1. Given a cut-off of under 8 Å on Cα pairs at least six residues apart, what relative contact order in percent is computed for the stretch 140-189?
2. Stretch ASP183-ASP62 to full length: gain in nm at 0.36 nm per residue minus the Cα-Cα span?
3. Which whole-number percent gives the relative contact order of the stretch 70-189, counting Cα pairs below 8 Å spaced six or more residues apart?
4. Show me 51-57, 94-100, 156-162 ranked by packing, highest mean number of other Cβ atoms within 10 Å first.
5. Based on the Cβ-Cβ distance of LEU153 and ARG103, what FRET efficiency does E = 1/(1 + (r/R0)^6) give at R0 = 45 Å, to the nearest 0.05?
6. What is the antiparallel percent of DSSP beta bridges lying wholly in the stretch 65-162, to the nearest 5?
7. What FRET efficiency would be calculated for the residue pair VAL92, ASP166, taking the C-beta separation as r and a Förster radius of 41 Å, to the nearest 0.05?
8. Among rounded, prolate and oblate, which fits the stretch 53-189 when a ≥ b ≥ c are the square roots of the eigenvalues of its C-alpha gyration tensor, a/c under 1.5 means rounded, and a/b larger than b/c means prolate?
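The values are calculated or read from the model by the stated rules, or taken from the named source; none is laboratory data. The shown structure was predicted, so the numbers you read here are calculated from the model rather than taken from an experiment. Cβ placement follows ideal geometry from the backbone for every residue including glycine, while neighbour counts extend to all protein chains displayed. Accessible surface is based on the protein model in full, side chains and every heavy atom, while ligands, DNA and RNA are left aside. Shrake-Rupley method; radii C 1.70, N 1.55, O 1.52, S 1.80 Å.
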Amino acid sequence: MTTSDRDLSSFPPIASASRRRALGVAAAAALAGVGVGWWAARDRGAAAPGEPVGGFWSLQWDTPEGRPLSMQSFKGRPLLLNFWATWCPPCVDELPLINAFYRQNQGNQWQVLGLAVDKLDSVQAFLKRTPLDFPIGLAGLSGADLGRSLGNLTGGLPFSLVIGSDGLVRQRKLGRLREEDLDVWARLK
């Protein structure tokens, strides 16, 4: 049987040239939107200094051990704040680097706080396998909202920011930290 002998009504209709062009333009616009979103959210490291969100210093979380952890206790010294989760491979990959930063810089008044956007039992199990020297707060899903209010517009993880001793946000970074990032940040206060 040749193609001309078949009933062509069972085949989908071929889109007209103008319809294909319109679909191509729509697809290109969607990809451009994704690209602009990625560009806007990529490395926020050069963000202008600014105040953290209202009420930031009054926030409090529980630690994995069940003790309260108040943001007020971090006020007045430089702080590296890292949002992470156990189910996030780049988060888990960067935690040893952040831990080394904490060890090297705590004598220089630096503080580090990890806010786990995760469940208590997952964080406890992770910390048994991979102990960290810096404090961890259990932010849960509210951590994603806090991250957005601090400049993480996409809600992605990991997300880190530096708050100077004056309480102003000095740096932001969405994505895995590199040693170079931390070297630059260590010079900030």
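1. Working: 44 pairs, mean separation 13.3, N = 50.
Result for the stretch 140-189 is 27 percent.
2. Numbers: separation 121, 0.36 × 121 = 43.56 nm, distance 2.98 nm.
Extra length from ASP183 to ASP62 when fully extended: 40.6 nm.
3. Values: 201 pairs, mean separation 40.5, N = 120.
Dividing the mean separation by the residue count of the stretch 70-189 yields 34 percent.
4. Values: 51-57: 13.7, 94-100: 17.4, 156-162: 24.3.
Descending packing order for the listed peptides: 156-162, 94-100, 51-57.
5. Details: r = 32 Å, r/R0 = 0.70.
Here the calculated transfer efficiency is 0.90.
6. Numbers: 4 of 13 bridges.
If we restrict to bridges inside the stretch 65-162, about 30 percent are antiparallel.
7. On the way: r = 32 Å, r/R0 = 0.78.
Efficiency computed from Cβ-Cβ geometry: 0.80.
8. Values: a/c = 1.27, a/b = 1.15, b/c = 1.10.
Rounded, since a/c falls under 1.5.
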